[in-house]
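This report refers to the structure that appears directly beneath it.
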Amino acid sequence: MPSLPTYQLLKSEHAARRGTFTTVHGTVQTPAFMNVATAGAIKGGLSAYDLGKIGTQVMLCNTYHLHLRPGDTVVAQMGGLHKFTRWNGPILTDSGGFQVFSLAKLRQITEEGVTFASHLDGHRIFMGPEQSMQIQANLGSTIAMAFDECVENPAQHEYSAASCARTTRWLARCKAEMARLKAEGKTQNPDQLLFGINQGCTFPDLRIEHMKQIADMNLDGYAIGGLAVGEPAEVMYDIISQVEPYMPKDKIRYLMGVGTPGNILESVWRGVDLFDCVMPSRNARHGHLNTWGGIINIKNAKYETDPLPIDPQCDCPVCRRYNRAYLRHLFKAEEILGMRLAVMHNLWFYNHLMERIRKELDAGTFEQFHDAYVKRLDTRI
Ligand SMILES: [Zn+2]
């Protein structure tokens, strides 16, 4: 019997991969899009029960937010995130690093970790690799992410190189701490997985060198971090293409924080298996809705008496029941239901875009699908 987890490559086309990823909380069909539930809930009022109805495979929660509120020890007392949120499928928690570097104020970085002020009330918090692993052990996620330094783009080569070296040292500490927590029974999930994160800003030499180092550490999966933070999309695609040959073929690959449907098609083409992004839910809350013909703004006057669903090709619970005129009215009247229905549609769209990608890969027709849709899906209509 092979031990969990197992990434199994079923089929490939160019660098694109169709596979499965087996975890203690279920098997994920890849490529897949993880739905972001920052503080244990999808912003826009969707519950774990709703996620079960819209094709969600993996829920993603943010360590930083849950550490501040309600506190990871509270979640541990309630039996971990699965029992707390009632989501039974795989959960990925980020390390908290990205939020520490993007949200928190007055941070100070040392070899030990980062001291920062909470964005909620300003109190001082220290987080390093060990603390991040302890918090994620309390949360009991299926997949824990390594604690890394997120360097702002553009950055100097010298600083980036030093940061990559520190991120590698922190990764070794994450691995050791997770092993200790499991050995001492101090985790809500004794089968928790650990993914390492590739860094190196937009410098291909640093990216490749760092990827080689972390590939040697035999982790459960590998992420590419520090992209989609303001650099042009073409730069991001180039980095993925350059790093991909050095990513282990038998491990799952995750591109953090990406992106638009077009970004996802381009990245799948370059060999990425997992994605996450706040974009579909955030856009939905502003009335920007994904369709197979492009992006519509449901608040436009032209939808005032439109009897069609958001997307006539969509089979989601919203499009099966409601028309554009009603959705527009809900937004104009600022009814909470408008946001909820819009988020439900957009996440369904992303989850089913991934299903379509998997079907095209199964059929060996992903390239034609990519060419037909890569521009269209990101066009505002
Ligand atoms: Zn729909």
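The values are calculated or read from the model by the stated rules, or taken from the named source; none is laboratory data. Model, not experiment: these values are computed from the prediction. Neighbour counts are summed over all protein chains in view; Cβ atoms, including those assigned to glycine, are modelled from backbone coordinates with ideal geometry. Side chains included, ligands, DNA and RNA excluded: accessible areas come from the protein's heavy atoms. Shrake-Rupley method; radii C 1.70, N 1.55, O 1.52, S 1.80 Å.
At the residue level, residue 36 shows approximately 10 square angstrom of accessible surface with a 1.4 angstrom probe and all protein chains present.
In whole percent, how big is the carbon plus sulfur part of the accessible area of the stretch 29-172, probe 1.4 Å, protein atoms only?
Within the stretch 29-172, the accessible surface is 54 percent carbon and sulfur.
When 269, 170, 87 are compared by accessible surface with a 1.4 Å probe, the order from highest to lowest is 269, 87, 170.
On the stretch 286-381, 48 percent of the accessible area sits on carbon and sulfur atoms, based on a 1.4 Å probe. In terms of packing, defined here as the mean over residues of other Cβ atoms within 10 angstrom, the peptides 123-129, 330-336 line up highest first as 123-129, 330-336. Normalised by the number of residues in the stretch 248-381, the average gap of Cα pairs under 8 Å and 6 or more apart makes the relative contact order 30 percent. Which one of 301, 283, 365 has its Cα pushed farthest toward the positive end of the charge dipole of the stretch 247-381, where Lys and Arg give +1 and Asp and Glu give -1 at the Cβ? Final value for the positive-end residue is 301. For the Cα atoms of the chain, what angle does the longest principal axis make with the long axis of helix 157-183, in degrees from 0 to 90, nearest 10? Roughly 80 degrees between the two axes. Please name whichever of 147, 198, 66 sits farthest to the positive end of the charge dipole of the chain, dipole taken about the Cα centre and charges placed at Cβ: Lys and Arg +1, Asp and Glu -1. Working it through, the farthest residue towards the positive pole turns out to be 66.
Restriction of the GluC sites (Glu not before Pro) in the stretch 137-227 to DSSP coil positions whose beta-carbon has at most 16 other beta-carbons within 10 angstrom yields 152, 184.
When shorter helices are ignored and each DSSP H run of at least 4 residues is given -39500 (n - 2.57), the per-residue value for the chain at 222 nm works out to -12000 deg cm²/dmol. Summarising the strand pairing of the stretch 1-146, around 75 percent of its internal DSSP beta bridges are antiparallel.
Using DSSP to call loops (not H, G, I, E or B), can you name the trypsin sites (Lys or Arg not before Pro) in the stretch 8-102 whose Cβ has at most 15 other Cβ atoms within 10 angstrom?
86
Electrostatic tally near residue 118: other residues with Cβ closer than 9 Å to its Cβ, Lys and Arg +1, Asp and Glu -1, net +1.
Each Lys and Arg Cβ is given +1 and each Asp and Glu Cβ -1; about its Cα centre, the stretch 1-125 then shows a dipole of about 300 debye. Approximating the spin labels as points 7 Å out from Cα along Cα→Cβ, the residue 356-to-residue 119 distance works out to 3.2 nm.
Working from Cα pairs under 8 Å separated by at least six residues, relative contact order for the chain is 17 percent. Seen against the Cα atoms of the chain and their longest principal axis, helix 129-139 is set at about 50 degrees.
Enclosing the Cα atoms of the chain in their convex hull gives a volume equal to 139 cubic angstrom per residue. Positive contributions from Lys and Arg (+1) and negative ones from Asp and Glu (-1), summed over other residues with Cβ under 9 Å from the Cβ of residue 60, come out at -2.
Counted residue by residue at 0.36 nm each, then reduced by the alpha carbon distance between them, the extension gain from residue 41 to residue 306 reaches 92.2 nm. Residue 207 sits among other residues whose Cβ lies under 14 Å from its own Cβ, and their net charge, with Lys and Arg +1 and Asp and Glu -1, is -3.
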